[in-house]
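Data first, discussion second: the structure below is written as structure tokens.
The values are calculated or read from the model by the stated rules, or taken from the named source; none is laboratory data. Note that the structure is predicted; figures quoted are calculated from it, not measured. Note that we place each Cβ from the backbone using ideal geometry, even for glycine, and neighbour counts take in every protein chain shown. The accessibility values were calculated without ligands, DNA or RNA, using every heavy atom of the protein model including side chains. Shrake-Rupley method; radii C 1.70, N 1.55, O 1.52, S 1.80 Å.
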Amino acid sequence: MNGFFEDYSAYIMCFLLLTVGLYGMLLKRNYVKKVIGMTIFQAAIILFFILTAYKEGGTVPVKDPTLPLDQADAYINPLPHALMLTAIVVGVATVGVALSLLIRVYGAYGSLDEDKIQQEASK
Amino acid sequence: MIGEHLPALPILLYLFLALLMPLAAKLGRGLPWAISWLGSLAVAALGAWGLWHTSTEGPIRYAMGSWAPPVGIELVADPLSCFFTFAIGAVSAFVLLHSRESVERDCGASNTMTYYASALLLLAGFSGIVGTGDLFNLYVFLEISALAGYAVLGCGSAKASLSSFRYLIIGTIGASFYLIGVGLLLAKTGSLNMADVTAILHLEGLSPATTLAVVFILVGLGIKMALMPLHYWLPDVYTNAPATSTALVAPLGTKVAAYALLRIGYEVLPYEALALDLRVFDVVLALGAVGIIWGSVMAIAQDNIKRMLAYSSVAQIGYIAVGFGLATPYGYIGAVLHVINHAVMKACLFLVTANLEHRGEGVSIKGLNASLRRKMPVTCACFAMAAISMIGLPPMAGFFSKWYLLLGSYEQGSWILVVVIVVSSLLNAVYFFRVLERLYLGKDEGEAEGASPSRLPTVMSFSTLVLALSLLALGFGNVFIVSKFISPMLPGF
């Protein structure tokens, strides 16, 4: 059992971070805190992808003249890193759209608290 | 020549036109509107041509930027994807044709350029989801369409922005879950290309990690398509958004996610393990059946027509889920046919609500009265046709997709499903006849004639009418559509 935690400790921390983000998105009553939760959630996913690329003792995936050509194992996998560049861009765009929607909501209701807005809306 | 590049054309056309919008708006005020609906019409033509071509000569595979798959991104045009491309182009063309006055009214005359640019990006995302053969690329297009969708649904009132923000939170969770699933698949198989992943999973079967991936992907897509317990975002968004945005997103957005479910569930993931070990199809079937009844009952309880139609969307997605979950040829035919039928029906019904709003009539059912059938005869007739199709009376299109689903359930011997489908038709009848009764059976009070304000613009009644009449065409043409196009799509069960 100890071996399991040692081998997968990084993944476990990553999924803990994921649940923190999910908790913020679903249960926080303030909309900006929901956006913060969303950012944590997306960061956890990015870390998860990077973790899958990690190799014990692997080096950067740029051709190293001291290594023989047939040793692909010596490099870490660059594909998840490339994918996560796209995911980071998507995340930034999502936060941007979310905040711009919130500016309109704040302008109309004068608050970003879910309870206050619901009171305001039901009036 | 064109055939070779067909898979990339709809996506590139939409993206390119979206970029052209600022320039077009400088040249003429009506130009963004004209370009966007003509572009959609062109995509519909591409889809129709591709459907014809691929169902006789087999799918077209396209290596984007000449990077050979499985390393590069692959786009695929096969009968199923061309069918969806056609549906996206055709439905959005008439919704956009209809939209000119309502966009100016709901979002402000100065925002039309941004509105049409977002709408085209939304459609680019949809056609990308349909056209891609790469799992991560599908995520990117899912987010493109979602981000443009939040903008399109959130313009107009502050209430629309609020519900659009709530949708953004839920939608991001859905897309991120899908991304986690893809990450697990990538870690396990080392590939993102759908055909490649299929081959590898076929050899290796499901491990615990890939099982987790299946769960994440299905839950993520379930949120995106508003499958029964994951649908809470849908009614608010559809009710508060401007009428045109709802008419654009409601018929297509959830259907595209259903397409991703069909494609990944039947073709990418190993079918045997999914059906026997995980019993995924039974779960989706059960959720769909519950969704059908629950959505219909909730629709009866609503007074706002838009909200009623939104709940009925939840029910209709249930039908598609049932077709998916049956996992038989009849179920598959029913699901695919219901996608196009429901897209046309819902677009038509939401355009009717847009017409009502345009004439200053409320969207409350209690506020409707018989004088409407004199003031807006075409709109009322279109509503009646689409409503009859939703209920599922022949010869309208809605009857035939339900018929195939009934045949599929009968073939499986699941009598509960037969009962669910028949009862839900009755429930549909209850909530639509409530409206039809007020429109057609009530007494026309015959108020003063001179009070009639601005007439409905011709394009508005025209596009609503075209969608309503195409329901008749889809109904009469269903044998042709099924035998010529849907049968070649069938995956091996």
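Couple of notes before you dig in:
- Looking across segment B:190-215, the residues that are crowded, with 21+ Cβ neighbours inside 10 Å and either at the interface with chain A (Cβ under 10 Å from one of its Cβ atoms) or not hydrophobic (A, V, I, L, M, F, W, C) (or both) come down to B:Ser191, B:Leu192, B:Asn193, B:Thr210.
- Verdict on B:Ala273 being among the hydrophobic types (A, V, I, L, M, F, W, C) and more than 30 Å from B:Gly133 (Cβ to Cβ): no
- Scope segment A:89-106; condition free of Cβ contacts under 8 Å to residues at least 40 places away in the same chain and more than 7 Å from chain B (Cβ to nearest Cβ); matching residues: A:Val89, A:Val92, A:Gly96, A:Ser100, A:Ile103, A:Tyr106
- Here is the figure for segment A:70-88: residues that are at the interface with chain B (Cβ under 7 Å from one of its Cβ atoms) and either open to solvent by 40 Å² or more (accessible area, probe 1.4 Å) or part of a loop (DSSP other than H, G, I, E, B) (or both) total 1.
- The set of residues from segment B:251-282 being among the β-branched types (Val, Ile, Thr) and either open to solvent by less than 10 Å² (accessible area, probe 1.4 Å) or farther than 17 Å from B:Thr210 by Cβ (or both) comprises B:Thr254, B:Val256, B:Ile264, B:Val268.
- Residues located in segment B:149-179, provided they are small (Gly, Ala, Ser), more than 7 Å from chain A (Cβ to nearest Cβ) and in contact (Cβ under 8 Å) with a residue 60 or more places away in the chain: B:Gly149, B:Gly156, B:Ser157, B:Ala160, B:Ser163, B:Gly171
- Counting only helices (runs of 4 or more DSSP H) that fall entirely inside segment B:315-415 and contain at least 1 residues that are open to solvent by 10 Å² or more (accessible area, probe 1.4 Å), farther than 28 Å from B:Leu97 by Cβ and at pLDDT 85 or above, the qualifying elements are B:329-358, B:397-412.
- Filter result (closer than 23 Å to A:Gly110 by Cβ and surrounded by 18 or more Cβ atoms within 10 Å (Cβ to Cβ)) within segment A:25-36: A:Tyr31, A:Lys34, A:Val35
- Those helices (runs of 4 or more DSSP H) of segment B:1-68 in which 1 or more residues are in contact with a Lys or Arg (Cβ under 9 Å, 6 or more places away or on another chain) and open to solvent by less than 60 Å² (accessible area, probe 1.4 Å) occupy B:31-57.
- Within segment B:311-322, residues that are farther than 9 Å from B:Ser296 by Cβ reach partners that are outside any helix (DSSP H, G or I) and open to solvent by 10 Å² or more (accessible area, probe 1.4 Å) with beta carbons closer than 7 Å, at six or more positions or on different chains, in the pairs B:Ile317/B:Leu227; B:Ala321/B:Leu227.
For (1) open to solvent by 90 Å² or more (accessible area, probe 1.4 Å); (2) part of a loop (DSSP other than H, G, I, E, B); (3) in contact with a Gly (Cβ under 7 Å, 6 or more places away or on another chain); (4) among the aromatic types (Phe, Trp, Tyr), each residue gets a yes or a no:
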residue: A:Phe4; (1), (2), (3), (4): yes, no, no, yes
residue: A:Ser9; (1), (2), (3), (4): no, no, no, no
residue: A:Glu56; (1), (2), (3), (4): yes, yes, no, no
residue: A:Pro61; (1), (2), (3), (4): no, yes, no, no
residue: A:Pro68; (1), (2), (3), (4): no, yes, no, no
residue: A:Gly91; (1), (2), (3), (4): no, no, no, no
residue: A:Ala98; (1), (2), (3), (4): no, no, no, no
residue: A:Gly107; (1), (2), (3), (4): no, no, no, no
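- Selection within segment B:290-305 - in a helix (DSSP H, G or I) and open to solvent by 10 Å² or more (accessible area, probe 1.4 Å): B:Val290, B:Ile293, B:Trp294, B:Val297, B:Met298, B:Ile300
- Only one of A:Ile50, A:Ile40, A:Ile45 that is part of a helix (DSSP H, G or I), surrounded by 16 or more Cβ atoms within 10 Å (Cβ to Cβ) and more than 11 Å from every other protein chain (Cβ to nearest Cβ): A:Ile40
- Those residues of segment B:119-148 which are within 19 Å of the chain's Cα centre (by Cα), at the interface with chain A (Cβ under 10 Å from one of its Cβ atoms) and farther than 13 Å from B:Gly253 by Cα, in sequence order: B:Tyr139, B:Val140
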